[in-house]
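In what follows, a structure is listed as structure tokens, so that the remarks can point back to it.
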């Protein structure tokens, strides 16, 4: 019996040590708790941390594979003006050909210009400020949408004039290789002159390297708000130089907000998860209030014949049934799809989130937002629901944090546009971060109060987390939710078991980066250690 107990004790110690070794924290990082931050894991084992502040140099920190800070630089730039960051757009931070690259656009010599800031992957020193694309003129400003191609190592940039009306315009998709050379200029063959308005909806890339550009072509029925919307899917296969187009008229009063594209290799289908938005009027006492209603659909196209399209609405039926049974009400959730993953068998995992803008107090309108429940939904390749589950969450924000702004995280960021710099920093902790591992497990990472960890749907109402000041961050912890391909779900603290002197801290979800090669998630954390509130870089090796 003593030997048996000893073996159990050894196994327990080993299991705890393995779990603890899955999480690592750096030493305290000397950057202020303000601004905007992004983490990037490199293929050589190094980790970059970029810290942006309005009208200040960009801070570049490098951590080695042993999680020690080895270099720190301040980038001022000759081509890019760091004083004008609040008038710039960030188009993603990626590893390109072994370098850490910031893609940023701003006005250079009065023309909106896309620039690649290339940093050495070993020491973080600037290699080059590489000018990629410039607008034709000051008045003819180009907007840029950039996606990285994980198959070729390069990237693609969609260019379109920043105008509501685009008569006779030729739209272009520029293909760059891993050395930042332009290799193809592909025209998007849509006759914009046949429509009153043409607007860019989304540019997304599939796991196979195929690219889909979504356009909203509109014809005026009754000016100004009554329009017919035609969603145009422009598809280019990997290595091709010609787009294939398909146009679908949307139901009355529906306008596309954004779309997410995934490639279904199992049945050679193009999946487009389209989120439409419409404004409705509701009576609230003596007031008439405007409210945005989101209508998500899954459209799937035959890869070889884009005219062969079918669709299904996304309704989260099982999750709503669970909610109604748990609360004994007819209440239902209408979350908005934010992230989508399609596996090798054509099964789609959709991560959706509630977003309520203009939260009302004392019958008055505000600009406050509530980022609500997360819903994880499994859909078949035909868009029919297989399974769904609710993750209870309510996060209160003083300012607006829109659905499309959250969905564009990682691809396009408008930094320092709010008058309140504290909100700019705090809102990077709101919403969630998600990814799938090579094994097929789906992870959703978000923050919640520790008192809510065991809160069930039957324990309504669910307490709300307030993102109005820094004090909430030390009362909350990063939660890691996992769904396996067999639809087995579990939840735990992301930094569980790392150190008894450190409270499980809040994760800056927008700064996070998942490296699929080493199955590691890295991000900034706010932790409370020995009574002190501090920033640390954290790495979590996901379960094998």
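The values are calculated or read from the model by the stated rules, or taken from the named source; none is laboratory data. No experiment lies behind these values; they were computed from the predicted model shown. Using ideal geometry, Cβ is built from the backbone for each residue, glycine included, and neighbour counts are taken over all protein chains shown.
For the structure I just gave you, tell me whether residue 353 is surrounded by fewer than 19 Cβ atoms within 10 Å (Cβ to Cβ), under 20 Å from residue 341 (Cα atoms) and touching a residue at least 40 places away in the same chain (Cβ under 8 Å). For residue 353, the condition - surrounded by fewer than 19 Cβ atoms within 10 Å (Cβ to Cβ), under 20 Å from residue 341 (Cα atoms) and touching a residue at least 40 places away in the same chain (Cβ under 8 Å) - is not met.
Of the residues making up region 209-236, those that are surrounded by fewer than 16 Cβ atoms within 10 Å (Cβ to Cβ) and either touching a residue at least 12 places away in the same chain (Cβ under 8 Å) or outside any strand (DSSP E or B) (or both) number 6. Restricting attention to region 33-80, the residues that are part of a loop (DSSP other than H, G, I, E, B) and out of contact with any helix residue (DSSP H, G or I) (no Cβ under 9 Å at 6 or more places or on another chain) total 14.
Pairing residues of region 13-37 that are at positive phi and modelled with pLDDT of 90 or more with residues that are surrounded by 15 or more Cβ atoms within 10 Å (Cβ to Cβ) and in a loop (DSSP other than H, G, I, E, B), at Cβ distances under 9 Å and at least 6 apart in sequence or on separate chains, gives 35/53; 35/54; 35/56; 35/415; 35/416. Just a yes or no: is a residue in region 359-370 within 22 Å of the chain's Cα centre (by Cα), under 19 Å from residue 299 (Cβ atoms) and surrounded by 19 or more Cβ atoms within 10 Å (Cβ to Cβ)? Within region 359-370, not a single residue is within 22 Å of the chain's Cα centre (by Cα), under 19 Å from residue 299 (Cβ atoms) and surrounded by 19 or more Cβ atoms within 10 Å (Cβ to Cβ).
Residue-level check: of (1) more than 26 Å from residue 182 (Cβ to Cβ); (2) in contact with a strand residue (DSSP E or B) (Cβ under 6 Å, 6 or more places away or on another chain); (3) surrounded by fewer than 20 Cβ atoms within 10 Å (Cβ to Cβ), residue 49 misses just (3). Only one of the listed residues (99, 66) is surrounded by fewer than 19 Cβ atoms within 10 Å (Cβ to Cβ) and without any contact (Cβ under 8 Å) to a residue 40 or more places away in the chain. That residue is 66. Looking across region 237-256, just one residue is loosely packed, with under 14 Cβ neighbours inside 10 Å, in contact with a strand residue (DSSP E or B) (Cβ under 6 Å, 6 or more places away or on another chain) and either assigned to a strand (DSSP E or B) or free of Cβ contacts under 8 Å to residues at least 12 places away in the same chain (or both), and that is 249. Residues that are surrounded by fewer than 13 Cβ atoms within 10 Å (Cβ to Cβ) and in contact with a helix residue (DSSP H, G or I) (Cβ under 8 Å, 6 or more places away or on another chain) within region 433-462 comprise 456, 458, listed in sequence order. For residue 123, are the conditions met, namely being surrounded by fewer than 19 Cβ atoms within 10 Å (Cβ to Cβ), touching a strand residue (DSSP E or B) at 6+ places or on another chain (Cβ under 6 Å) and closer than 18 Å to residue 524 by Cα? It is false that residue 123 is surrounded by fewer than 19 Cβ atoms within 10 Å (Cβ to Cβ), touching a strand residue (DSSP E or B) at 6+ places or on another chain (Cβ under 6 Å) and closer than 18 Å to residue 524 by Cα. Of all residues in region 345-354, none satisfies the criterion of being at positive phi and in a strand (DSSP E or B).
The residue of region 297-344 that is surrounded by the most Cβ atoms within 10 Å (Cβ to Cβ), among those that are touching a residue at least 24 places away in the same chain (Cβ under 8 Å), more than 24 Å from the chain's Cα centre (by Cα) and part of a loop (DSSP other than H, G, I, E, B), is 303.
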